[in-house]
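The values are calculated or read from the model by the stated rules, or taken from the named source; none is laboratory data. For clarity, every value in this text was computed on a predicted model and none was experimentally measured. Cβ placement follows ideal geometry from the backbone for every residue including glycine, while neighbour counts extend to all protein chains displayed.
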Amino acid sequence: MNQTCNLFWEYYSESMGKFTSQRAFVFLTLLLCAGIFFCSPGTALPMPDPRHSTAGIRSQHPASTVWVFFTDKGTSHEEDLRSVMNQLGSQLLPKTRSRRQKAQGQAMDISDLPVFQSYIDGVLQLGGTLRITSRWLNGITVEVPDSAISRILQLPYVKSVDPVATYKRLRERTPLQSPRSIWGEAIERSEQGEAGDALENYGMSATQIQQIHADVLHSKGYHGEGTIVALLDTGFDLSHEAFWNIRVLDEYDFVNGDGETSDNPPEDDIGQDDHGTEVLSIIAGRSPESLIGVAYAAQYLLAKTEKVSHKGTIFEHQIEEDWWVAGLEWAELNGADVVSSSLGYSDWYSYSDMDGRTAGTTIAADIAAQKGVVVVVSAGNEGKSRDWPYISAPADGFDVIAVGAVNSEGELADFSSMGPTYDGRIKPDVVAMGDGTYVVDPNSTDGYRKADGTSMATPLVAGTAALLIQALPDLHGPRELAKLLKYTATRSLSPDNRRGWGIINAEAALRYGTSPGLMEELNDWDPTGAIPVPDRVIVYPNPVRRSPSMGRVNIHSPEPIDNIEILSMSGALIYEKQDMGSARFAIWNLKNEHGQEVASGVYICVIRDSTGSVHIRKIAVID
């Protein structure tokens with residue numbers, strides 16, 4: 001690699017003296033950018049430090065953090081672009097090149113070119129701090145004085161300037177047991193062989209593995225060998241016994257800009273890496289008779305993209321979504337077959353933004369899928385919320401596998417976020433065990449405990465994806481794999497917006513994937529599950545059954561809702577919701593104004609929308 005870089009610099013220096021046209025200058029400068037980007041030592045391809053220093057003097061006036069999107073990658077000449085892409089493509093890791101070729105028919109496309117450095121410099125010369133650079137989105141996030149935004153917009157190569165949202169709420173993990181309460185004292189670690197683990201050696205993780213039939217694939221010799229799985233999370237502590245044999249290719253901390261993803265005080269608060277460590281153990285841990293991960297023999301890329309707290313206060317800053325995009329690009333570039341991320345973003349979005357086309361993380365996730373990466377994300381833990389029970393970005397992506405949660409009996413976890421997407425697609429896609437899932441105790445080196453959340457279901461599905469990629473190398477990309485998982489899940493004939501297509505079944509997926517006749521049947525199956533955006537007010541389910549997990553009515557309107565009233569048949573006011581802003585959806589949880597459950601019977605729902613129209617629906621509540 002170093003010899004290639006030296007030759008590159010010699011070629012650039014010599015050529016600058018020979019070429020004088022603007023077109024040649026642009027072409028060579030693009031090559032220079034490529035050389036800087038790709039000619040770094042190390043086993044994995046690097047990412048720029050996300051904590052770029054200030055360019056010029058920072059303004060003391062009010063500042064905003066914005067996305068600046070550019071019109072092109074420095075030139076629009078097709079010949080120049082093709083030449084640069086060929087040059088960059090030759091520098092790719094073989095794993096990345098082969099996956100992209102299989103998924104999109106070419107190793108490079110224009111989205112893979114680096115953002116043109118002169119464009120970045122032009123923005124920074126107006127004052128500010130560069131935070132994140134995204135090749136795929138062809139933009140940067142930058143903190144600039146408010147007075148500079150109008151001048152940025154006047155730059156001829158700037159396409160648009162969009163504000164970056166300003167609030168992030170942490171919403172994952174509820175431990176069910178205190179540290180070490182499951183296994184007590186330290187467990188002596190048994191020797192590990194190369195063969196698959198017998199069921200009795202799964203320890204307390206047997207249920208979560210057996211429920212999705214991943215144990216069957218283990219017994220056939222599939223443990224993730226030869227696959228690369230990337231995790232985007234809060235950080236990872238690998239000191240636990242379950243990680244003694246984990247195969248980590250590389251790790252990067254996008255929060256602090258270094259190569260250490262475990263807690264690093266004082267930059268990190270203690271416990272920053274707890275969530276990521278738990279999630280990692282579900283997919284990559286291996287401690288026979290205690291806990292076995294779904295794809296423990298895969299190779300791993302670990303990206304720290306989320307900050308939990310700062311000096312004891314929950315971290316509520318917009319840059320986390322930017323770190324996530326940067327982490328995803330890094331993972332894809334370094335050969336990831338599967339990305340598992342138990343993070344979600346919704347607090348600064350409205351439900352209408354959950355359309356697969358708006359959130360930056362969603363757009364980036366779909367681009368990764370187009371490049372052949374299977375992207376698996378958590379649906380969210382807001383299922384019990386009256387204000388936002390829905391999935392969060394990037395779970396709304398078209399080619400993203402969004403995962404909901406069930407318990408050990410296969411019953412839906414009441415916290416699991418629901419669909420549909422705003423444009424009517426069923427979400428989540430599938431479910432796995434995320435209620436009482438066994439994980440390592442990140443506060444010890446040999447303890448285990450239970451944890452809740454769609455975060456815990458996500459690595460079970462991502463690990464299964466890795467096993468199927470290993471077992472079925474001829475699968476045609478993420479869409480076919482997602483289709484296979486849905487077709488063989490427990491609710492494939494009756495998907496809904498709480499469980500999607502149901503609990504995945506790795507054994508059935510393998511059986512279908514190895515049978516030409518069954519795969520032909522799969523190719524003719526259309527699992528879009530689209531529900532048209534309503535052109536009228538709809539209320540569902542109706543009748544509605546009173547139950548702890550499903551006792552709620554969903555109300556959708558094509559126009560913003562002003563207020564909702566629930567009346568008894570005699571006209572008495574039972575429940576009212578006002579001041580709904582621009583919301584087009586609402587939930588009635590079958591309770592009155594005092595929080596008491598209503599009796600079975602028929603109720604009148606009166607919906608008034610922003611146009612002044614009044615819509616009346618009858619709702620039947622049954623036991």
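Of these, A405, A379, A432, which one is under 13 Å from the mean Cα position of the chain (by Cα), buried (at least 19 other Cβ atoms within 10 Å of the Cβ) and either farther than 20 Å from V294 by Cα or at pLDDT 95 or above (or both)?
Values: A405 fails: under 13 Å from the mean Cα position of the chain (by Cα); A432 fails: under 13 Å from the mean Cα position of the chain (by Cα).
After ruling out the rest, the residue left standing is A379.
Only one entry of G235, G327, G271 meets the criterion of being over 27 Å from K450 (Cβ atoms) and either assigned to a loop (DSSP other than H, G, I, E, B) or touching a Leu at 6+ places or on another chain (Cβ under 9 Å) (or both), and that entry is G327.
Listed here are the residues, each with its yes/no results for (1) more than 31 Å from the chain's Cα centre (by Cα); (2) modelled with pLDDT of 80 or more.
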position	(1), (2)
K18	yes, no
A24	yes, no
G35	no, no
A44	no, no
Q91	no, yes
K95	no, yes
R99	no, yes
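Scanning the stretch 64-106 for residues that are buried (at least 16 other Cβ atoms within 10 Å of the Cβ), of a type in the set (G, A, S) and over 15 Å from G477 (Cβ atoms) turns up S64, G74, G89.
Scanning the stretch 482-504 for residues that are on the phi > 0 side of the Ramachandran plot and either modelled with pLDDT under 90 or under 19 Å from the mean Cα position of the chain (by Cα) (or both) yields one hit, G500. Applying the condition of being of a type in the set (S, T, N, Q) and in contact (Cβ under 8 Å) with a residue 12 or more places away in the chain to the stretch 589-623 and asking which residue is nearest to Y575 (Cα to Cα) yields N592. With respect to (1) surrounded by fewer than 18 Cβ atoms within 10 Å (Cβ to Cβ); (2) within 18 Å of Y296 (Cβ to Cβ), the lone exception for D237 is condition (1).
Could you please let me know if D579 is at positive phi, of a type outside the set (V, I, T) and not assigned by TED's automatic domain parsing to the domain that holds S350? Judged against the criteria, D579 is a match. Filter the stretch 564-601 down to residues that are touching a Pro at 6+ places or on another chain (Cβ under 9 Å) and either basic (K, R) or over 12 Å from V553 (Cβ atoms) (or both) and give me whichever is surrounded by the fewest Cβ atoms within 10 Å (Cβ to Cβ). Out of the qualifying residues, it is G581. Restricting the stretch 295-324 to residues that are of a type in the set (A, V, I, L, M) and part of a loop (DSSP other than H, G, I, E, B), which is modelled with the lowest pLDDT? Per the stated criteria, the residue is V308.
The requirement of being among the aromatic types (F, W, Y) and in a loop (DSSP other than H, G, I, E, B) is fulfilled nowhere in the stretch 467-488; no residue meets it.
Suppose we filter D355, D396, D387, D347 for residues that are touching a Lys or Arg at 6+ places or on another chain (Cβ under 6 Å), assigned by TED's automatic domain parsing to the domain that holds D496 and part of a loop (DSSP other than H, G, I, E, B); which single one remains? Testing whether each residue is touching a Lys or Arg at 6+ places or on another chain (Cβ under 6 Å), assigned by TED's automatic domain parsing to the domain that holds D496 and part of a loop (DSSP other than H, G, I, E, B) leaves just D347.
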